[in-house]
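Heads up, the thing below is written out as structure tokens.
Every read-out reported here was derived from the displayed coordinates using simple, explicitly stated rules and does not represent laboratory data. Note that the coordinates shown come from a computational prediction; the quantities given were computed from them, not determined experimentally. Note that each Cβ is placed from the backbone with ideal geometry, even for glycine, and that neighbours are counted across all protein chains shown.
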Amino acid sequence: MKSKSKLLAIFLSVYVFNFFNIANADDHLYKVSGMVSGCSSKHAVHVLIYEESGFKEMNHSQENIYNPVKGNDCIVNFSMEVPKGPYALASFEDKNGNGKLDFFFFIPKEPAGFYQFNGMGAPKFDKMKIDINGDIDNIEIVLP
């Protein structure tokens, strides 16, 4: 009888351990990295990640700020970690140093760009989104 109880306890322990490992599998973060080009190398460059729920209101879910190396060509390498899901990526050069992208009506007053957006019309999440389900290292965002 004792051996059956021990066997049952071991079985339940393994089951519970595996259950929690499966539940935590969705918490895995994936690396999203690439570069921003077209900046002036005089001001901080912000890289933003948007989830669909905050996209219309321009509420990003993650932001990293980089100070480019002074020089002729401005290229900022970035790297962020996000859970699996659809995202839109954007960047802007903060020319006035206020920490946000400034607009004149609906037009950005500072250099700004989205990944997978051609600049014609209003950006739409469905057209720009990328589905993250693994590491991605070839993102390029070009600022005008």
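Some notes on this structure:
- Taking the convex hull of Cα positions in the stretch 28-142, its mean projected area over all directions (nm²): 7.0 nm²
- Pairwise label distance in nanometres, M120 with K95, each label 7 Å out on the Cα-Cβ vector: 2.5 nm
- Contact order for the stretch 28-142, expressed relative to its length and based on alpha carbon pairs under 8 Å spaced 6+ residues apart, stands at 36 percent.
- Rounded to the nearest 0.05, the FRET efficiency derived from the C-beta distance between K42 and N138 at R0 = 25 Å is 0.40.
- A simple count of charges around L101, restricted to other residues whose Cβ falls under 12 Å of its Cβ and scoring Lys, Arg +1 and Asp, Glu -1, yields -2.
- Among the lysines of the stretch 28-142, pairs at least eight places apart or on separate chains and with Cα atoms under 15 Å apart come to 10.
- Net length gained if the chain between H28 and K127 were fully extended (0.36 nm per residue, minus Cα distance): 33.1 nm
- Inter-label distance, K70 to S53: 4.3 nm, where each label sits 7 Å from its Cα along the C-beta direction.
- Ordering S61, P86, P111 by the projection of their Cα atoms onto the charge dipole of the stretch 52-144, which places +1 on the Cβ of Lys and Arg and -1 on the Cβ of Asp and Glu, puts P111 at the extreme positive end.
- For the stretch 22-128, the list of GluC sites (Glu not before Pro) that fall in a loop by DSSP and count at most 14 other C-beta atoms within 10 angstrom reads E57.
- Highest mean packing first, where packing is the average number of other Cβ atoms within 10 Å per residue, the peptides 103-109, 132-138 line up as 132-138, 103-109.
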